[in-house]
Amino acid sequence: MVRRTGNRFSANTMSAISTRGRMHFMVFTEPFDATVMCRFLARIVGLFYRKVHLIVDRHSAHRSKTVRSWLADHEDKIELHFLPAYSPELNPDELLNADLKRSLPHTHRARRRTELAAETRRFFHRRQRQPHFITGYFTAPHVRYTLDE
């Protein structure tokens with residue numbers, strides 16, 4: 001018998017991965033909305049000297065007025081490209097999410113939200129040091145098109 005409180009909690013993540021094995025991420029506990037998205041975009045823009053082309057799904061926060069306004073103010077630094085609706089199988093970042101969900105329960109059973117967020121950050125830091133895993137997300141048969149172009 002394993003004693004648990006039954007309390008449920010979560011941590012949210014955002015990540016950007018590249019075909020060259022780079023990954024940038026953010027772990028947060030507040031709900032995902034346009035404000036969080038703009039904060040993530042600002043972090044991404046600050047990391048690069050060239051214009052960033054970011055492929056995103058059609059989440060409502062990605063398409064919000066707040067994000068569109070932020071993008072208009074930074075159009076020389078970043079541009080969003082949208083995946084077709086309802087196509088998570090085309091998004092290699094979803095494979096990173098699946099990897100995270102597969103790995104976390106085996107490494108540690110978090111008892112609080114802060115522990116879960118810390119474990120999630122450790123997983124992402126580990127993956128950052130393993131670029132071969134990140135490039136592997138792009139070689140899945142259903143996302144391979146991203147390398148051909």
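Assorted remarks:
- Contacts under 9 angstrom Cβ, first residue in region 41-58 being within 14 Å of Ser15 (Cβ to Cβ) and open to solvent by 50 Å² or more (accessible area, probe 1.4 Å), partner of a type in the set (Asp, Glu) and not in a strand (DSSP E or B), 6 or more apart: Ile55/Asp93; Asp57/Asp93; Asp57/Glu94
- All of Pro105, Pro31 fail the test of being loosely packed, with under 12 Cβ neighbours inside 10 Å and in a helix (DSSP H, G or I), apart from Pro105.
- Members of region 10-22 that are of a type outside the set (D, E, K, R) and either over 23 Å from Arg113 (Cβ atoms) or open to solvent by 40 Å² or more (accessible area, probe 1.4 Å) (or both): Ser10, Asn12, Thr13, Ala16, Ile17, Ser18, Thr19, Gly21
- Listed conditions (1) open to solvent by 80 Å² or more (accessible area, probe 1.4 Å); (2) closer than 21 Å to Leu95 by Cα are all met by Arg63, apart from (2).
The values are calculated or read from the model by the stated rules, or taken from the named source; none is laboratory data. This one's a predicted model, so the numbers in the text were calculated from it and none came from an experiment. Glycine gets a Cβ as well: all are built from the backbone with ideal geometry, and neighbour counts include every protein chain shown. Protein only, heavy atoms only, side chains kept; ligands, DNA and RNA dropped before computing areas. Shrake-Rupley method; radii C 1.70, N 1.55, O 1.52, S 1.80 Å.
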